[in-house]
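Notes for the one structure printed next.
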Amino acid sequence: MALADNILGRVVTATAGRDKGKRLVITGIEGDEYVLLADGKRRKAQKPKRKKLRHVRFEPWRIDPALFGDNAADAHLRKALRALEGKQDTESEEG
């Protein structure tokens, strides 16, 4: 259960498959190998993508997992991921 507490809400980038290069949020865990991912647009919080842990790259950001059970979870995910895209753009310009 400690693993679930550590990675729920973490932002990841898909490294394989159809979603390669897309930012997603971990909304759940299945077993030791799989995570459930959503972005609020293509992958809704109610029907997340199941992907192996080795096919994602962890990013340094985290989104509050308390938002996932809300009826507006998809809107929260889209808004948070959009804000992170803005942060990345300003970081890359500075560095």
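FYI, it's all coordinate maths here, none of it is from the lab. Note that this is a predicted model, so its numbers are computed, not measured. Neighbour counts are summed over all protein chains in view; Cβ atoms, including those assigned to glycine, are modelled from backbone coordinates with ideal geometry.
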Checklist outcome for this item: The residue from LYS49, LYS22, LYS41 that alone is charged (D, E, K, R), surrounded by 14 or more Cβ atoms within 10 Å (Cβ to Cβ) and under 17 Å from LYS79 (Cβ atoms) is LYS22
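Residue-by-condition table, conditions (1) in contact (Cβ under 8 Å) with a residue 24 or more places away in the chain; (2) more than 9 Å from the chain's Cα centre (by Cα):
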{"site": "ARG10", "(1), (2)": "yes, no"}
{"site": "THR15", "(1), (2)": "yes, yes"}
{"site": "VAL25", "(1), (2)": "yes, no"}
{"site": "ILE29", "(1), (2)": "yes, yes"}
{"site": "VAL35", "(1), (2)": "yes, yes"}
{"site": "LYS41", "(1), (2)": "yes, yes"}
{"site": "LYS44", "(1), (2)": "yes, yes"}
{"site": "PRO48", "(1), (2)": "no, yes"}
